[in-house]
Amino acid sequence: MLIKLNSLRLRNFRGYADSMIKFDKYLNVIVGRNDVGKSTVLEALEIFFNNEQTKMDIEDLNVYRNGDNKVILTCTFEVDDEATIVIDSSVSTQLSQEYLLNSDGYLEIEKEWDCSKKSIGAKDLKTYIVANYPQIAAQPLACEKISELKAILKNSVGRERFDNTDKSTSSSIRKAIYSAKIDEHTAFELVRIDTAQEDAKNIWNSLKDNLPYYFLFKSDRVGNDKDAEVQNPMKAVTKIALAEMQSKIDEIIKSVRDEVEKIGLETINKLSELDVQIAQSLVPRTTTKAFDSLFSFDLESDDGIPLNKRGSGIRRLILLSYFRAEAEKRTQTSHNKSIIYAIEEPETSQHPDYQIMILDALQRLSQDGLHQIILTTHTPEIAKMVLPEQLIHIAKCSANQLIIEEDSETKIKNIVQALGVLPYAQTQTVIYVEGRNDVNFLMNLNQSIPELREIIDFRCNNISIVPLNGNNLIEWVNKNYFSGSSLNELHIFDNDVEKYGVLITEIIKAGDKRRYGWVTHLPEMENYIHFSLVEQEFDIDLKGYHDSWTTIDVPKTLVNLCMQNVKNTTERENQIKQMLNGKVSRQIRKEHLEGLEVWSEVEEWFKKISSFHNGTLKSWIVELETSNNAECSTV
């Protein structure tokens with residue numbers, strides 16, 4: 001069952017009186033001033049999922065709570081429609097069939113801590129499933145004993161149907177009751193199902209095992225040989241590796257438990273021969289510890305220097321390398337449990353080039369359908385590389401009120417103020433493209449091919465490349481956000497979407513010398529990647545496609561030829577696109593483009609960008625306007 005985090009609601013937790021944060025299912029960047037509560041969001045999720053690295057504490061209770069001594073953290077999750085859950089030992093069902101989803105169709109889990117005492121223990125936590133439940137009984141059926149369920153069924157159906165219903169498990173009885181009592185007239189109400197009651201315990205135990213893994217990487221320095229920046233990635237690897245062999249672990253635990261309890265019973269039997277009363281009061285019980293606690297890993301340098309004595313930048317690079325390794329690994333494997341990586345300020349102590357590399361690795365991870373990434377940052381470079389809907393802005397309205405802005409335009413304005421710099425433009429020139437893959441492709445061409453880098457070096461000249469993505473692209477172009485400014489805007493779009501060509505034509509016709517653009521000659525950026533590089537990367541033979549390579553839909557063609565271990569075809573195509581525009585495009589050289597007869601076109605792109613950036617555009621546009629209009633009209 002693949003479950004993705006959809007939202008977090010914090011009530012009475014630290015500075016949050018009552019706030020709701022919605023998450024993008026792929027990548028999230030939390031922005032805000034110092035001490036506004038960015039890290040609090042990450043730690044609240046750590047408490048919700050693990051309560052290990054950060055534990056709920058009595059001091060987490062909001063000071064402006066008005067006598068309410070309960071902290072409540074509520075998460076909603078998007079659940080695969082076809083996903084099933086095993087409730088009884090062998091019975092599987094869908095959450096919707098058990099009416100365990102809220103009114104929006106999400107799984108909603110609420111955790112409530114009683115903070116009225118001097119300290120908080122396990123008994124002070126209550127967990128609820130918040131569900132839009134049919135009003136057919138005094139309380140949700142999952143909270144009833146099996147004997148009561150049988151009585152409800154008997155009063156709901158005739159004798160024959162009662163006799164023919166499987167009454168061996170609670171879930172089968174509930175299913176029969178739902179079938180008999182729910183129709184189009186049934187009223188539904190949002191209820192809290194206490195997971196400590198009856199079969200709700202089994203449901204929660206199964207759900208708990210299917211919730212995402214959550215790993216929090218803090219920016220704090222602990223300063224010992226087992227630095228958290230090293231241990232946390234290694235702990236994450238350990239948990240994931242153990243989860244992948246969970247069935248084997250369960251078999252081992254069961255075998256050990258059976259053997260220990262067998263010997264325990266034999267011991268009690270022998271004891272009863274000596275003293276029956278003492279023997280009768282004894283019961284063999286087995287407890288186990290988490291398997292991941294048995295493992296610890298160290299990274300040791302050859303010269304014997306402890307890692308914590310190295311520079312903070314080196315320690316952070318280990319974290320970067322972990323995510324890059326994960327990104328590569330996930331293109332080769334598929335799993336059915338999602339993973340959330342929450343990272344405080346990944347740019348800490350890093351050169352700008354490494355900041356871009358770590359975000360690139362995290363973006364690739366977030367797009368594999370399995371990972372969900374949540375970052376906090378103070379860096380405009382990080383904020384400007386993601387989509388507006390992936391930005392979360394937290395602002396303090398007053399001492400006891402925090403605001404999470406959802407309106408896209410207002411949010412961007414607030415982020416500009418919070419960061420002190422316009423996140424989408426720190427330079428005089430911005431290149432707008434369709435999507436993140438196009439960003440990677442253009443940047444990799446520029447940095448990997450010396451002849452193009454000599455024309456203009458994007459990094460040395462601080463050229464920003466911004467993905468606009470689909471409808472956002474059209475809206476951005478039409479609204480002309482930077483009208484009246486001195487910011488130069490270049491728009492480079494694929495020619496496989498007719499309406500994008502029309503946009504370019506409109507930009508040129510408007511006669512605004514601050515904005516210019518063109519569409520590519522080939523359908524998509526992937527068509528500019530030589531087939532020999534693709535054959536080498538994926539170990540496939542593309543002979544049948546050599547002649548038509550510059551006209552076909554490359555990713556869709558490759559979907560049927562490689563990475564068959566990724567079962568979902570949409571995910572497979574996304575991963576193929578990421579690899580082509582990421583790792584593979586970095587291997588492109590001038591001779592590859594010449595082999596596809598597109599070198600002169602690509603070289604012209606960078607000459608135009610250089611002229612645009614260096615202010616020699618106006619006379620140049622006049623000369624090219626006619627030919628570019630002709631090009632766009634044929635798209």
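The values are calculated or read from the model by the stated rules, or taken from the named source; none is laboratory data. Model, not experiment: these values are computed from the prediction. Cβ placement follows ideal geometry from the backbone for every residue including glycine, while neighbour counts extend to all protein chains displayed.
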Margin query: Considering only the stretch 393-404, I want to know if a residue exists there that is outside any strand (DSSP E or B), modelled with pLDDT of 85 or more, farther than 27 Å from K25 by Cβ and not aliphatic (A, V, I, L, M).
Written below: no
Check: So, in the stretch 127-173, of the ones that are touching a residue at least 24 places away in the same chain (Cβ under 8 Å) and among the β-branched types (V, I, T), which residue ends up surrounded by the most Cβ atoms within 10 Å (Cβ to Cβ)?
Finding: I129
Check: Out of the stretch 540-564, which residues are of a type outside the set (A, V, I, L, M, F, W, C) and touching a residue at least 12 places away in the same chain (Cβ under 8 Å)?
Finding: Y545, H546, T550, T551, D553, P555, K556, T557
Item checked: Pairs, first closer than 17 Å to K150 by Cα in the stretch 176-205, second of a type in the set (G, A, S), C-beta under 6 Å, six or more apart -> I177/S156; A180/S156; K181/S156; D199/A142; D199/S170; A200/A142
Next item on the list: For A151, indicate whether it is in contact with a Pro (Cβ under 8 Å, 6 or more places away or on another chain) and in the same structural domain as K70 (by TED's automatic domain parsing).
Entry: no
Checklist line | the stretch 227-269 - residue that is basic (K, R) and modelled with pLDDT under 70 and, of those, farthest from F49 (Cα to Cα) | finding: K235
Next item on the list: With respect to T195, determine if the residue is at pLDDT 90 or above, crowded, with 17+ Cβ neighbours inside 10 Å and within 28 Å of the chain's Cα centre (by Cα).
Entry: yes
Margin query: Considering only residues that are among the hydrophobic types (A, V, I, L, M, F, W, C) and either closer than 21 Å to L45 by Cβ or modelled with pLDDT under 90 (or both), which ones fall in the stretch 102-137?
Written below: L107, I109, W113, C115, I120, A122, L125, I129, V130
Margin query: When the residues of the stretch 509-561 are narrowed to those that are acidic (D, E) and under 23 Å from Q578 (Cβ atoms), which ends up surrounded by the fewest Cβ atoms within 10 Å (Cβ to Cβ)?
Written below: D539
Notebook entry, point to check: Name the residues in the stretch 562-591 that are surrounded by 15 or more Cβ atoms within 10 Å (Cβ to Cβ) and over 25 Å from S448 (Cα atoms), would you?
Noted result: C562, M563, V566, E571, R572
Next item on the list: Considering each residue of the stretch 536-585, count those that are over 30 Å from the mean Cα position of the chain (by Cα) and charged (D, E, K, R), and give that number.
Entry: 3
Checklist line | Residues (surrounded by 14 or more Cβ atoms within 10 Å (Cβ to Cβ), outside any helix (DSSP H, G or I) and at pLDDT below 95) located in the stretch 592-635 | finding: V635
Item checked: Which numbered condition R174 misses (of (1) in a helix (DSSP H, G or I); (2) over 11 Å from A142 (Cα atoms); (3) not acidic (D, E)) -> (2)
Notebook entry, point to check: Does L580 qualify as being out of contact with any Pro (no Cβ under 6 Å at 6 or more places or on another chain), within 22 Å of P467 (Cβ to Cβ), assigned by TED's automatic domain parsing to the domain that holds V439 and assigned to a helix (DSSP H, G or I)?
Noted result: yes
